[in-house]
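Participant: My structure is below; once you've seen it, I'll send some questions.
Read-outs throughout are calculated quantities, based only on the coordinates presented, and are distinct from any laboratory measurement. Keep in mind the model is a prediction, meaning the values are calculated, not measured. No Cβ is skipped: glycine too gets one built from the backbone with ideal geometry, and neighbour counts run over all protein chains shown.
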Amino acid sequence: MSVLKTIRRDIQAVFDRDPAARSVLEVLLCYPGLHAIWMYRVAHWLWTHRLQLLGRWVSHIARWLTGIEIHPGAVIGPGFFIDHGMGVVIGETAEIGEDVTMYHGVTLGGVSWKREKRHPTIGNHVVIGAGAKILGPITIGDHTRIGANSVVVKDVPPNSVVVGVPGRVRSRDGVKVEDTRHEDLRHDVLPDATMELLQQIMARLTALEQEVARLRRPYEQEEQMLARGYQGPWGI
């Protein structure tokens, strides 16, 4: 894809996924996520052409200007959109597919000090909610939603919803979502995994209480009879 087509796709991604965008001029002047992505593309070009120090310097300037830290070694596809963006951190070996949406406070972090693949791989059409942490060389499948403030440390299959700490996968009933531009932006509409677990525990506890009450019933009847002075059929 040419540089011009990539730029146009980045701009169109803003209009597709942010209803607050009103004009191209506003997007060009007032969207730090877009500025960070374009400065990353410059830094990445420098990085891949053996100008690593200069690439790191460009990414450092971008971090200072936008509050978004993207390592120039990361690989990011077209249509990437960072909404608000403050506090976003993307590590060196991270890979991001096409048309990915990311909100502020997200971290694509590493869990190793070795020079190896240590950051996540994000598939296409993924939405990552505000404050989510995706850690380690794991893979997030296409068309997946990561709930706000989730902590993901294991691979996630495609077409999944992930919530909680640690992140738990909640699939969409096996239905593949073809167009996720609008539905998937609702990263607030997610299952409450903790509440589901508590409801299961409460249901099990209620069943156990009923079983114990059933088993105690004969003994309670005997205790009541003894309390009324019943001495048995032989008067004992």
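Participant: Stretched out fully, how many nm does the piece from residue 213 to residue 54 gain, at 0.36 nm a residue minus the Cα gap? Mind dumping the intermediate values first?
Facilitator: Details: separation 159, 0.36 × 159 = 57.24 nm, distance 7.41 nm.
Here the answer is 49.8 nm.
Participant: Restricting to lysines 8 or more places apart or on different chains, can you count the pairs in the chain with Cα atoms under 26 Å from each other?
Facilitator: The number of close lysine pairs in the chain is 7.
Participant: Quote the FRET efficiency, to the nearest 0.05, computed for residue 220 versus residue 151 with a Förster distance R0 of 45 Å and r equal to the Cβ-Cβ distance.
Facilitator: Working from the Cβ atoms, E equals 0.40.
Participant: Okay, helix-only estimate at 222 nm for the chain: each DSSP H run of n ≥ 4 adds -39500 (n - 2.57), divide by all residues, round to 500 deg cm²/dmol; what do you get?
Facilitator: So the helix-based figure for the chain works out to -12500 deg cm²/dmol.
Participant: With the chain treated as a Gaussian network of Cα nodes joined by springs under 10 Å, which of 24, 163, 88 yields the largest mean-square fluctuation?
Facilitator: Between 24, 163, 88, it is 24 that shows the largest mean-square fluctuation.
Participant: Could I ask something else about it? Where a ≥ b ≥ c are the square roots of the eigenvalues of the C-alpha gyration tensor, would you call the stretch 18-136 rounded, which needs a/c under 1.5, or, failing that, prolate if a/b is larger than b/c, or oblate?
Facilitator: Judged from the Cα gyration tensor, the stretch 18-136 comes out oblate (a/c at least 1.5, b/c at or above a/b).
Participant: Give me P(r) over the chain, computed from all C-alpha to C-alpha distances, binned every 5 Å, as integer percentages.
Facilitator: 1, 6, 12, 15, 15, 12, 8, 5, 3, 3, 3, 2, 2, 3, 2, 2, 2, 1, 1, 1, 0
Participant: Here is a further query. I want the antiparallel fraction of DSSP beta bridges within the stretch 1-133, as a percent rounded to 5.
Facilitator: Details: 0 of 13 bridges.
Antiparallel bridges: around 0 percent, rounded to the nearest 5.
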